[in-house]
Each structure stands twice: as structure tokens, then as C-alpha cells.
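So the structure is just underneath, and the comments pick up after that.
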Amino acid sequence: MGLGLTSRRAFGPEKRRQRERVIRSRRFPVVPAAVGAVLVVGLLALAPKSVAQRGGGRIAVATENKSASQLAIAQMQKGGTAVDAMVTAALSGGVASPTSSGVGGGGFGLVWIAAERRAYLLDFRETAPKGIDVAAFENRPFSKDQLGRLSGVPGEVRGLYQLHKLLGKRKWNEVVEPAARLAKTGFPVVRHLGNMLKGYGKRLKQDPGVAGVYYPNGRPAAVGNLVKNPALARTLEKIAASGPAAFYEGDVASDIVESARKNGGALTLADLKDYRPAERKPLHVRWEGYDVYTMPPPSAGGLMLVQTLKLYKKAELAQHGIDSGAYQHLVAEALRAAIADRMRYLGDPDKEKVDVAKLVSDERMALRKKRIALDRTHGIPRFGLEGAGTHHLVTADALGNVVTLTTTVNRLFGAKYTTEKSGIVMNDELDDFTTKSSVAPFGMKESPNRPRPGARPVSSMTPTIVVKNGRVVLALGGSGGTAIATNTTQMVLSNLVFGNSPKQALAKRRFYIPTRQAYIMLEQGAPKSLVRDLESRGEIVGFFPFKTTAMQMVAIDERGHKLAASDPRKHGSAIMR
């Protein structure tokens, strides 16, 4: 079929019952990267309710941390733009939610510039150091004393600074200092962080920096307790005063390099000094009267979203109903095919030629659609794609400017070591490179997403903006490793096809496309009738706890009123004023 897919037709009633017993008896493990997300006991026993205020506002923020949302909304109340608020939210989130993000990581930022009616996209993903040991990456996982090999050159500080130069109104130090104060005076331990500290203490306490801040007297800081991080506060104060130079050169840079080296890494001062974000052209598709802007490579999430939209018309999906097996099966087929394309074709576009136009062409999508049927399921070869410690945020100001930004250190506390003097949690982003064994089922000898000096690994992060008549109507994105792309696609369809508000969309149970064992995984509590329906279409059904994922959404009506919602799966915070 040319897509790296294998076909599985529906089976008869007795075979379905047998398969159901087998599937229900299995315990499908969460992919290892999922440890970066909160363990919410019983959260998904019923359809969750999103965190959002009633009504709407002229300004809005949705993040995964209450302190970050409060500080970000304050920036706009003081006359700042959505970008000013975004910088504060990203840096404050890195302080108060260190499991997910921080200045030791990187990300993608998509901005709608209202005055110019255009989208601007900045890739500040981490890059591999020039001295990366390529051969060693075929033998992962690394030992605990070699986790520095996984740390790429952090891009967050330069990325945020460049975005601020684009559309910031307040001074740089004014948008950074709130995060520095939060680290200095203390921040409350939220449930997400508290659960991670409690559940993974044995591993996390091995790093002196993490242990000294988050494990007073050897015990994890309890939810609600105030935690201070003076070393990180001093680093942020330097960044506020001197900009990126304070991070990529001088004492902080030396500390980053020395700490990475002690953990087996290859980062150098030259790697840090030479790092630059990359401006990229957003993927754009015109669909049912909407202009959808999303991430190109090195993200795979935007490709998945665009391909799904180009496969189906609104009426084709709406006729089945969002909770039906037919709808979920059709969307799942599109997602599986996109994952196959990811493995076959996607890499750092600066290192690997990626013909995205061909991958999403009308002709190619028409051929793919002919192979999709309601009574047949296509599986993808087994391969590993992992990642979870991520924070997404959306900010929207009264002038119509909108930012949707995903920032990450990858897994729980990144590479699980902090810099010794500057308090920075370092990323393990280079683990997103693909091994040769992962692409062998596709008949390939090497991956386009292979490790190389200076390369950015492929990501699932999918910041997305939907525009109608030159005005943003929806901005969203999420965290949760490979679930980011599937979640974002489902949330876009929930809003554009079925008219669900952010709150309503987040209240719906979602499904996930795994890379092993099952073909589709449903959220806990899914009706038995849905399971039977999907299995009648050839799906192998499992269950995914969705404790590792979170979406942030802001919708804007024709009057400019914002409706913000934050996913309860990581106890986020949406504020409108």
C-alpha cells in the first residue's frame, strides 16, 4: 500500500468476543516517557470537567500551572501583549512546574500578529552538540551516569527573547522578573508536581539539585507547601538584566557545560554560543472556510493534523457523531497513516529534505482515502516514540494577538540532573532521535530522524491556530509526548466539526494511537458498546490512562470574547478577564 501499513479486516462475533477477553485481560503499559505526567487517581473514572471560568473575557490565558496563568494575565492587565504574557507564563511555568519545562529546554512558538493578519512561527527546539557520539545512540537507554548524552543545546531563552522582540510591548526585564521572584520567594507545590515527587522520589533524589529543593529532610515536598529555588532565581535575575547573553555565555554557560560533562554529555561553550532559533513557515491548510496554521517539521504533529483534515470533509465526519465507533475509527485510520509517514520521511528540515507538499498533496490523500473503509483497520509496525514532560500554554490579548507555545525538557525532570550552580533542569531531548532498529520494520536502514551534529530531533508538539476571515477563532496545543498530535487533531475536529467549546471538547474522552500491542487505546470508562463497535471494524482495542497528557485551548467569538479552558488531566489553569 505504500504507507507502511498492514490491513486487518473485521472478524466474526466469536472471534470478537475472544479478542475482547484477551484485550481486557492485558495491562497495556504507558510508554516510558509518560512518567512526566501527573498520576491522578480516579480522575478519568467519569468524563472530566475542564477548568474554565464562565462567560468570556477580552484577555485570556490557559497554562498547566496556576501561578504561571496568574502572572501571565497580570502582564496583559499592565498593558502587555499576548507575547509579553507568554514569556512570563513560560518562564514561570518552568519554575513552578519543573517536571515539564524550563530554561534548560526548548520548544515551538506560533504567533498570530493581528495588525498584519499573519502567522509567525519560531522553532527554538534543542539541537545536538557538535561532539555528539552518534553510534552510542543505537545502544540506549544510557546508564544513569551518562544521561548528559541526552541533553541538547537549550533553546528556550533565545527563543523567548526573539519572540519578545517581535511583539513584546513591556520591557524584557519586566516580563522575566516575575518568574525570578517566584523562584526566590517561593511557589506552592501543585498536585501534578507533588504526585511526581512522591511517585518517583527514589530516582529523583539521586540528583543533589533536585533533592535539595524538592525533598526537604529527605521527604517530597507536599502539595500546597511553599518551595524556593534560590539558584534558579539568581539565574533568572541575570537573564532579566542581560538577556540571552547571561545564559549562553559566562558563568551560567560554564555551569551548563560542566554539569553536562560530569553526566557524560558533549555540550561545549561553542555549542551554546552558536545556538540560534529557526524561523519557519507554518503549515497551512484551507478547510471548510477556516485557515488552519500549525507546525511543520521538525514537528510531526502538524503533518498529522493537515493530513487528517485533507482526508475528510466536515459532513463526512459529522454524520457519525463524535462518540461513535465509526467516527473514531475513521480518524484513527488517518492518525495511523500519519505516524507511518513520520517514521518514513520526517527529520530536521535543515538536515534532511522533507517534501511536505507532496506528503499532504490532494492526489496522495485521495489515494489514501480509497484504502480507508469502515470495516477494515490498518495497523502500523511496532516502533518506539516517547516523550511526555511538556508544558503548553495559550495567551490572547485584547488586540487580537494570540500565542500558542509548547515548551519542554522532554521527560519528567528532563535528563534528571540539574546544573550545579545555576539550578537549571537539563533536557533529555536527544532521546527523541530514532534508532535504526525502529525503522527496520519499514524496510529502512537508517532514519531521517537520526542523530547528527546540530540536528533537531523530530517532535510531536503541535501548537495550532485556526483563523476565519482574518481573525483567530481557536488556538490550542498540548503536552504528552506522541499523544500531543493525536489530542490536538481530535480537539480541532471537536470544535470545527461538532461545534464544541474548549470546555466541552476537553470534557470528551479521547483515544490514542499506540505503537505497540493495540491499534487504538480508549480513555478509561469508555462504554462497552463503543469497544464492541470498534472491534467489529477490525480495531484491536486497549485502554490508555491519559494521565500524561493535557490540552490548553482558547476560542474567540466574533466580538473578540475569549473562552479559555485548561485540561484537568494535569490540573491546569485557565483565566479570562
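For this structure, a couple of remarks:
- Unit charges on C-beta of K, R, D, E only; dipole of the chain, Debye: 1500 debye
- Using a simple spin-label model with pseudo-atoms 7 Å out from Cα toward Cβ, D145 and N469 lie 6.6 nm apart.
- The charge dipole of the stretch 233-277, taken about its Cα centre with unit charges on the Cβ of Lys, Arg, Asp and Glu (plus for the first two, minus for the last two), comes to roughly 80 debye.
- By average C-beta atoms within 10 angstrom, highest first, the peptides 364-371, 447-454: 447-454, 364-371
- Entries in K205/K528; K238/K353; K165/K562; K130/K445; K66/K165 that, when Cα-Cα distance is taken, lie over 32 Å: K205/K528; K238/K353
- In the structure shown, the pairs K370/K508; K314/K358; K358/K503; K78/K547 are assessed against 25 Å; a Cα-Cα span above that value is assigned to K370/K508; K358/K503; K78/K547.
- Each of K436 and D323 was given a label point 7 Å from its Cα along the Cα-to-Cβ line. The distance between the two points is 5.1 nm.
- Take each peptide in 428-434, 244-250, 159-165, 522-528, count the other Cβ atoms within 10 Å of every residue, and average; sorted highest first, the result is 428-434, 159-165, 244-250, 522-528.
- Legend: ranking of residues L269, L335, L476 from fewest to most surrounding C-beta atoms inside 10 Å; resulting order L269, L335, L476.
- Shape call, the stretch 397-486: gyration tensor on alpha carbons, a/c limit 1.5: oblate
- Length, then width, then depth: along the principal axes, the Cα atoms of the stretch 441-494 run 45, 25, 20 Å.
- Using the Stokes-Einstein relation with a Kirkwood hydrodynamic radius computed over Cα pairs, the translational diffusion coefficient of the stretch 459-577 at 25 °C and a viscosity of 0.890 mPa s comes to 161 µm²/s.
- The stretch 62-146 pair-distance distribution - Cα-Cα, 10 Å bins, rounded %: 15, 33, 28, 16, 8, 0
- Along the axis of the charge dipole computed for the stretch 212-259 (Cβ charges of +1 for Lys and Arg, -1 for Asp and Glu, origin at the Cα centre), the listed residues N225, Y248, G212 are led at the positive end by N225.
- Here is the tail figure for the stretch 218-344: Cα pairs spaced more than 21 Å apart come to 66 percent of all pairs.
- Here the label points at R191 and K370, each 7 Å from Cα along the C-beta direction, are separated by 5.1 nm in the simple model.
- FRET E, pair R516, Q77, Förster distance 35 Å, beta-carbon r, rounded to 0.05: 0.15
- At full extension, K445 and S529 could sit 26.0 nm farther apart than now, given 0.36 nm per residue minus the alpha carbon distance.
- With a Förster radius of 30 Å applied to the beta-carbon distance between S242 and D350, the computed FRET efficiency rounds to 0.60.
- Cross-link reach is defined here as a Cα-Cα straight distance under 16 Å, omitting same-chain residues fewer than 8 places apart; for K202 the aspartates and glutamates meeting it are D145.
- 3J(HN,Hα) couplings calculated from phi for the stretch 434-444 with the Karplus curve 6.51 cos²θ - 1.76 cosθ + 1.60 (θ = phi - 60°) are, in sequence order, 9, 7, 4, 5, 6, 9, 4, x, 8, x, 10 Hz; Gly and Pro show x.
- Cα centroid separation, the stretch 128-172 to the stretch 232-270 (Å): 12 Å
- (i) 75, 53, 48; (ii) 66, 55, 45; (iii) 87, 67, 41, with the label sought being that of the calculated Cα extents along the principal axes in Å: (ii)
Bear in mind these aren't lab numbers, they're just calculated from the coordinates by the rules spelled out. No experiment lies behind these values; they were computed from the predicted model shown. Here Cβ is always computed from backbone atoms with ideal geometry, including for glycine, and neighbour counts include all displayed protein chains.
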